[in-house]
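Before any comments, here is the structure.
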Amino acid sequence: MPAAQNPSADPRPFTVSVLGGPTTVFDYGGLRFLTDPTFDEPGDYRRPGRPVLTKTAPSTADPADLGPIDVVLLSHDEHADNLDTSGRALLAGVPLTLTTPDAGRRLGEGARGLADWEAVELDRPGGGTVTVTAVPAIHGPGARADVEPISGQVVGFVLTGEGLPTVYVSGDNASLDAVREIAGRFGPVDTAVLFAGAPRFPVLFDGGALVLDSAQAAQAAAILGARRVVAAHCDSWAHFTESRADVVAAFTAAGLADRLQPAGSVV
């Protein structure tokens, strides 16, 4: 396992832009990363035996505006609110997509599935490497053995590198126990990109949140010792039951408002 880096090793700011839903873009170690690409226009997604997913707002950016993407960090491929039709088309032009083992097999060329705690080293343009480590995530309330057969495999990521801050991207995770395990190996982290929004369906898990709710996101920030937090996955979909305003309120109540960064801000 790579050792966690000094959270303040690199004092230079970098921008995490939240483009809508779980989709963010940021430059790290000279590489451009994109998370869970969703660029379709608003509309419904229907799958037999599954709840309807309704996208309510377009992305704030077009894929063509982002420039070359070096790596996609894909929490999972099975749900349109993490990978939609436009997102799938985008993957064909990206050299590397890091995702779950199951998704890696389904997506084929260009995709690499990583098991929990498996790491890959990526060459930086100016020399050196960025290490991306896959970390646990559970897409729903309860134990993995109970949740995964219903909602599928999901994965989060930790990015580290010599002279670089430690960055955690949660993916669609609802488990604070997983966050504690990650903090034990990599904490404190500099920047946490936390998927929140408390998505729910009455027919799944008795209406329990499939991803962190706002209060849990604040708890996750405290557990990680995160100096800065970017909240994603809290807009643009009808089944997201909490908004960014709820995230702000929860962080304020927890005394962590100063760690929460505006979407798209320099962090």
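Here is a yes/no grid of residues against (1) of a type outside the set (A, V, I, L, M); (2) at pLDDT below 95; (3) more than 19 Å from the chain's Cα centre (by Cα):
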site: 128; (1), (2), (3): yes, no, yes
site: 146; (1), (2), (3): yes, yes, yes
site: 154; (1), (2), (3): no, no, no
site: 160; (1), (2), (3): yes, no, no
site: 167; (1), (2), (3): no, no, no
site: 192; (1), (2), (3): no, no, no
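Counting only residues that are of a type outside the set (A, V, I, L, M, F, W, C) and surrounded by fewer than 24 Cβ atoms within 10 Å (Cβ to Cβ), the range 192-215 holds 6 of them. Among the residues making up the range 26-49, a single one is touching a Ser or Thr at 6+ places or on another chain (Cβ under 6 Å), of a type in the set (Asp, Glu), within 22 Å of residue 231 (Cα to Cα) and surrounded by fewer than 20 Cβ atoms within 10 Å (Cβ to Cβ): 40. Of all the residues in the range 142-168, those that are on the phi < 0 side of the Ramachandran plot, surrounded by fewer than 16 Cβ atoms within 10 Å (Cβ to Cβ) and touching a Phe, Trp or Tyr at 6+ places or on another chain (Cβ under 8 Å) number 1. Scanning the range 176-191 for residues that are crowded, with 24+ Cβ neighbours inside 10 Å and closer than 22 Å to residue 77 by Cα turns up just one, 179.
Selection of strands (runs of 3 or more DSSP E) fully inside the range 97-191 by the criterion of at least 1 residues being among the basic types (Lys, Arg) returns 111-113.
Quick one: is residue 253 touching a Ser or Thr at 6+ places or on another chain (Cβ under 6 Å), among the aliphatic types (A, V, I, L, M) and on the phi < 0 side of the Ramachandran plot? So residue 253 fails the test. Looking across the range 47-85, the residues that are aliphatic (A, V, I, L, M) and assigned to a loop (DSSP other than H, G, I, E, B) come down to 52, 57, 61, 66, 69, 74, 80, 83. Among the residues of the range 229-254, the ones that are β-branched (Val, Ile, Thr) and more than 23 Å from residue 34 (Cβ to Cβ) come to 3 in all.
This table checks each residue for (1) of a type in the set (Asp, Glu); (2) touching a strand residue (DSSP E or B) at 6+ places or on another chain (Cβ under 7 Å).
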residue	(1), (2)
157	no, yes
161	no, yes
168	no, yes
172	yes, yes
187	no, no
192	no, yes
200	no, no
205	no, no
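Within the range 207-233, residues that are over 15 Å from residue 139 (Cα atoms) and free of Cβ contacts under 8 Å to residues at least 40 places away in the same chain have Cβ atoms under 7 Å from residues that are assigned to a helix (DSSP H, G or I) and of a type outside the set (A, V, I, L, M, F, W, C) in these pairs: 214/246; 221/259; 228/259; 229/259, counting only partners at least 6 apart in sequence or on another chain. The listed residues are 34, 90, and the only one of them that is part of a strand (DSSP E or B) and under 13 Å from residue 19 (Cβ atoms) turns out to be 34.
The values are calculated or read from the model by the stated rules, or taken from the named source; none is laboratory data. These numbers were taken from a predicted model, which means no experiment stands behind them. Using ideal geometry, Cβ is built from the backbone for each residue, glycine included, and neighbour counts are taken over all protein chains shown.
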